[in-house]
Amino acid sequence: MNKQQLASKIWESANKMRSKIEANEYKDYILGFIFYKYLSDTEVKYVKARGGSEDDIPAVSDITTLSKDDAPTVESIQHNIGYFISRGNLFSTWIAKGRDFDVSDVRDALSAFSRLISPTHKKVFDRILDTLQTGLSKLGDSSGTQTKAISDLIQLIKDIPMDGKQGYDVLGFIYEYLIGMFAANAGKKAGEFYTPHEVSLLMSEIVADHVKDRSEIKIYDPTSGSGSLLVNIGKAVAKHIASEDSIKYYAQELKENTYNLTRMNLIMRGILPDNIVTRNGDTLEDDWPYFEDSDPLHTYEPLYVDVVVSNPPYSQAWDSASKESDARFAGFGLAPKTKADFAFLLHDLFHLKPDGIMTIVLPHGVLFRGGEEGTIRKNLIERNHIDAIIGLPANIFFGTSIPTIIMVLKKKRATSDVLIIDASKGFAKDGKNNVLRACDIKKIADTVIGRLDVGRFSRVVSQDEIRSNDYNLNIPRYVDSSEAPETWDIYASMFGGIPESEISALDDYWQAFGGLEEALFTAEGTPYVKVATNDLAATISGHHAVIAWKRRYDEAFEGFPAWLKCELIEGWKGVNIIKEESVISDAIFDRLAKVQLIDQYSVYQAFYDEWTTVAADLEVLQSEGFVAAKKVDPLMVTKKRDGKDQEVQDGWAGHVIPFELVQATLLKDQADALKQIQSRLSEIEAEYEEIIDSLTEEQKDSDILNDANDSFVPAAVNRTVKGLLGTPAQAKTTVITYDEDSFERTVFRVQSLIAEEKELKKQAKDGAAALGLATKATIEALTDEQVTDLLERKWISPLSDALGEMPSTVIADLVARVRALNEKYATTYADVASEIVETKLTLSALIDGLTGNEYDMEGLAEFQALLRGENNGR
C-alpha cells in the first residue's frame, strides 16, 4: 500500500475501534501510540546502525538500577537520541508478546520513559506522553477491555514505516491525515488543534517565498495546536534552503494535550531536538521573551523570528487589564476584552524581525469592526504593516462557518499600498465543507508574491483610498468579485439581432482569433449583428485563425512529454520530490506564456491531479529501488466472517504498476475476451428488464411467475416450463408451436437466457481469476524497458492527454457563449406576441366545440371574449 492507502486503512479501522469515545479524545490515544512506536523504532535503528541488535539494549527501567556493563549503552543512547527505552518496553516487544500483552506493560513503559529522558532533552520530551498515560483508563472499564483496545491499536499501526526519509514522509503523512480526519469528526473542538491542510499550504507558499534566500530561519507559531501549520511552513521553507537543519521551530500552546501533539509532530518529522523550542502556556498572558526560574540572568532570551504563522481562537475573550504597558501592544492600542483577535495579531507582529513576515488567520470582522479594533487597524495602516488581505471561502474550517481571512504583515515594507484579494469563489465541495484546490492555492500565492491586480479577484489599494474609507478594510469595498448581472437589450428583444456591445464582451477571443468575428456575424447597418452560419462549432473550429492558435499551443508543448520522461523516469533516482513540483509547473507556465486564452491555473490543476500519483510512486521507487515496480501486494478487503468484519485477501494488486494498465497493454487479448463476456452478461440483464416491461400486469401476477419478484429466476421458469410441457418424458414426445409474441415463447426465451447467464458467470469468474494470476506473473517478470514504458503510460500520458484537451475546452466555451447569445435574441417580442395570439385563437376554437347548460355556455362565452381582448361584463 502507498501512504494514502495505509493512512486511509488506519483511519477507517480506528474510527470503528473508538466506539463511543469522542474523536477529539481518541486522537490523543492513537497518535500517542504512533509516537511511542516512533521513539522505540528510532532507538532500535540507532543501536543497529552501530552494529548492535535489540538484544543489546539493556532491560532496565530506572537509571538508579543500572549495572556497570549497561551504563555505557544507556548513556550513549540517551546522549544521542535524548531518551532511553528498555528492551522489555520496546514497541516490538509488545507485539512479540502476543496474547501475553497486558495494559500494565504500557503503564510500566510510559512511567519508565519519563524517568529515562536525558537531562539535555528534558524540554523536548518531558511529560510528552502524559496525555496517553492518564487516558488509558478511558479505553475500557476493566484491565481486560483496556488490554484488548490497546492491543487492537498497536496491531493497527505496527506496519507504519519509521526508518529513513521515506519512513519520515509516510509517518508524517499518516499523522497529518489522521489529525485531519479526527478534526473533521470533532465538530467545534476541531478548531482547538487543527488548521486545514490547504490553508496551511497557502500560508506556507507565501512566507517561503519571502525568506527563500536566507541561510538560517526561525519559525514561530504562538497558538500551535497539533503543530501541522508549523510543519507545513517548515516543509515549504525547506525547498529554498540548503539544509533542513538550518530551520528552528518555536511553538507555544495553551492546552497540554494539544501541546503534546505539537511536540510529537515536530519530533516525528526528524527535526533535530535542538531545533525544537516549545512552551505550554497562555500566549497572551505568558509571553516570550522568557527565562528559567533557576537562572534568570543567563537564560533570558528575547525571541525575534523570520516567520510567524498562527491560527488563533476566533474572537476569544482575554484579560486586557494592566496590558497598557505591555511592549507588544504599545502604540497600537488594546484589543477589546471580548475579542482577542488583534491581541494575537500584535503579539505575532512584536516577535517579527524587521525583515520578517507573518501570516495569521482571523475572522472577517477584524476588517471593519469599530471601537478599539478600528483604532488598532488605523495604526497598522499608518505604520505600514499590513501587506495583504486574503478573503477565504466560507465553511473552510472544521466546526465553524465564520467567514475568515488571512492577513499578511511585515514590520518593514518597500511599498505603502495593501493588496486585497477576494478568494471566496475558488473552492471545491468536500462534504459539508469547502476546500481550496491546488489551483486556488497557487493562484492566491502567485497573486500575493507578484502583488498583481486581477479583475474580480485582487487589487492593490493605496493608503489614501483606505483613509478615505475611514480605515475600513472590508473586501467588497475594494474588490467586486461578483459576476456582472445579465442584461437584455430592448431593441434586440423587439427586432432581433445580437447587440455589438455584447459581442465585444468576447473581445479576448476576437483578439486571439483574428478575422473570426467577421466570419461569424453579418452586419445589419445598425449596432446589431446576426449569426452568419448554421454550424457554429464547425465554423469556429475550422477557422484559419483558430487552427493557427491550436498549432501554436501544440508547438508550445512540443517535446514536453519527452522532457518529462527524461526528468521523471530516466532520472528517477535524483528527483527531489519536494522541489520537482515547482520545476514542472514553472516549465508548464513558461510554455503557456506563448499562448493566449488558456487559463494557466486550470492547466496547473490538471498537472497537480496527476502529480500526486507520480510523487507517491517516486517515493516508493526511491525508497525500495526500481525493483519495486515489479512487485505485487495482497489485495486486502473487509468481509463479514461469523458476524464480524475481517480482513481477507481477494487477489493481488500492483505495488506501483496498476493491474489495469498491464491488462490494457501486455495482456490485452485476454482482458478483451473477459470484457466481452462481461458485456454479454450486461446485455442479458437488459434483456431481462425488457421482457419484464413487455409483460401485462396479469402475466406478471400469474401463478407461474408469482415467486419471481419482478425478475426471472430459474425456479420460477422451471415451474413454468413443467406446467406447459408436463414431465420430462412427456416433453420428449410433445411438439408445441407458439406465436412469436406469446407468453409461452417468452418463458422459453427466459430459460435460454438463464442457462446462458449461468455459463457466462462461470466463465467470467474463472477468466477473472486467470487474468489476475497472469497479471501478477507478468508484473513480476517485467523487464526494465517494460517498466519504463508502463511508467510513461501511467505518469506522462494522462498529463499529456489532459494538456491536449485544453484548446478544445477553450473552443467549446466560445461556441457555447456565441450560441447562448444567438438563442437569447432569436425569439423577439413580436414572435412571442404572435404565438400568444395564435394560442388564444386555437383555444377559442376548441371552446366552440364544447357543450353544457346555459350557465356553462355563458361562462365559456365570457372566456372567449377575454381571449379576444373583449370584456362584455355583466
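For this structure, a couple of remarks:
- Backbone amide hydrogens, once placed in the peptide plane, bring ALA251 within less than 5 Å of ASP221, VAL277, THR278, ARG279, excluding anything fewer than 5 places away on its chain.
- The range 245-321 and the range 197-235 have Cα centres separated by 14 Å.
- Hits among lysines - C-alpha to C-alpha of LYS218 under 20 Å, sequence gap 8 or more where chains match: LYS123, LYS235, LYS239, LYS248, LYS353, LYS410, LYS411, LYS412
- Each part gets one Cα centre, and for the range 464-522 versus the range 105-137 those centres are 65 Å apart.
- In order along the range 305-319, the phi-based Karplus estimate (6.51 cos²θ - 1.76 cosθ + 1.60, θ = phi - 60°) of 3J(HN,Hα) comes to 10, 7, 9, 10, 10, 7, 9, x, x, 7, 6, 7, 5, 8, 8 Hz; Gly and Pro are listed as x.
- For the range 216-225, 3J(HN,Hα) per residue [Karplus equation, 6.51 cos²θ - 1.76 cosθ + 1.60, θ = phi - 60°, Hz, x = Gly/Pro]: 9, 9, 10, 10, 9, 10, x, 9, 6, x
- For ARG328 and ARG99, the FRET efficiency from 1/(1 + (r/R0)^6), where r spans their Cβ atoms and R0 equals 56 Å, is about 0.45.
- Long-range amide H partners of VAL461 with built H, under 5 Å: VAL418, LEU419, ILE420
- FRET efficiency for ALA802 and LYS762, using Cβ-Cβ distance with R0 set to 25 Å, rounded to 0.05: 0.05
- Stretchable slack from ARG749 to LYS148, in nm (0.36 nm times residue separation minus alpha-carbon distance): 210.6 nm
- Per-residue ellipticity at 222 nm from helix content only, as computed over the chain with -39500 (n - 2.57) for each DSSP H run of at least four residues, stands at -16000 deg cm²/dmol.
- Cα-based convex hull, the range 512-551, per residue volume (Å³, whole number): 60
- Using a probe radius of 1.4 angstrom, the carbon and sulfur fraction of the accessible surface of the chain is 50%.
- Spherically averaged projected area of the convex hull of Cα atoms, the range 500-604: 8.3 nm².
- For the range 771-874, with +1 on Lys and Arg beta carbons and -1 on Asp and Glu, the positive-most of VAL837, THR809, GLY869 along the dipole: THR809
- In the chain, a dipole from Cβ-located charges (positive for Lys and Arg, negative for Asp and Glu) runs towards its positive end, and of GLY426, LEU110, LEU266 it is LEU110 whose Cα lies farthest in that direction.
- Relative pair counts by distance (%), Cα atoms of the range 378-493, 10 Å bins: 13, 39, 30, 14, 5, 1
- Links that overshoot a 28 Å alpha carbon limit, given the list LYS565/LYS668; LYS212/LYS443; LYS3/LYS579; LYS48/LYS255; LYS16/LYS675; LYS3/LYS794: LYS48/LYS255; LYS16/LYS675
- Spin-label pair VAL454-LYS429: with each label point 7 Å from Cα along the Cα-Cβ axis, the two points sit 2.4 nm from one another.
- Label-to-label distance, ALA781 versus ALA414, with points set 7 angstrom from Cα along the beta-carbon direction: 6.3 nm.
- Rounded, prolate or oblate (a/c below 1.5 giving rounded, otherwise prolate when a/b exceeds b/c) for the range 531-656 by Cα gyration tensor: oblate
- For ALA653, the residues 5 or more places off, or on other chains, whose built amide H falls under 5 Å of its own are ASP633, LEU635.
- Backbone phi angles across the range 36-43, fed through the Karplus curve with coefficients 6.51, -1.76 and 1.60 (θ = phi - 60°), yield HN-Hα couplings of 5, 4, 4, 4, 5, 5, 5, 5 Hz in residue order; Gly and Pro are listed as x.
- The stretch between TYR304 and SER742, if pulled fully straight at 0.36 nm per residue, gains 148.6 nm over its current Cα-Cα span.
- Values of log10 I(q)/I(0), in the order q = 0.15 Å⁻¹, for the range 740-853 under a Debye, Cα-only, solvent-free model: -0.91
- q = 0.08 Å⁻¹, the chain: log10 I(q)/I(0) [Debye, one scatterer per Cα]: -0.99
- Surface per residue (accessible, 1.4 Å probe) for the range 442-515, Å²: 54
- Counting only residues at least eight positions apart within a chain, or on another chain, the aspartates and glutamates with an alpha carbon under 12 Å from that of LYS339 are ASP319, GLU372, GLU373.
- In the chain, Cα pairs under 8 Å separated by at least six residues give a relative contact order of 8 percent.
- When each of the peptides 385-397, 369-381 is scored by how many other beta carbons lie within 10 Å of its residues on average, the order from highest to lowest is 385-397, 369-381.
- Whole-number accessible area per residue in Å² for the range 206-274, which is evaluated in the context of all protein chains at 1.4 Å: 32
- When LEU867, LEU201 are compared by accessible area of protein heavy atoms, the largest-first order is LEU201, LEU867, using a 1.4 Å probe.
- Calculated FRET value between GLU486 and GLU870, using beta carbons and R₀ = 41 Å, to 0.05: 0.65
The values are calculated or read from the model by the stated rules, or taken from the named source; none is laboratory data. Since the model is a prediction, treat every value here as computed from it, not as a measurement. A quick note on method: Cβ atoms are made from the backbone with ideal geometry, for glycine too, and the neighbour counts reach across all protein chains shown. All accessible areas refer to the heavy atoms of the entire protein, side chains included, with ligands and DNA or RNA removed. Shrake-Rupley method; radii C 1.70, N 1.55, O 1.52, S 1.80 Å.
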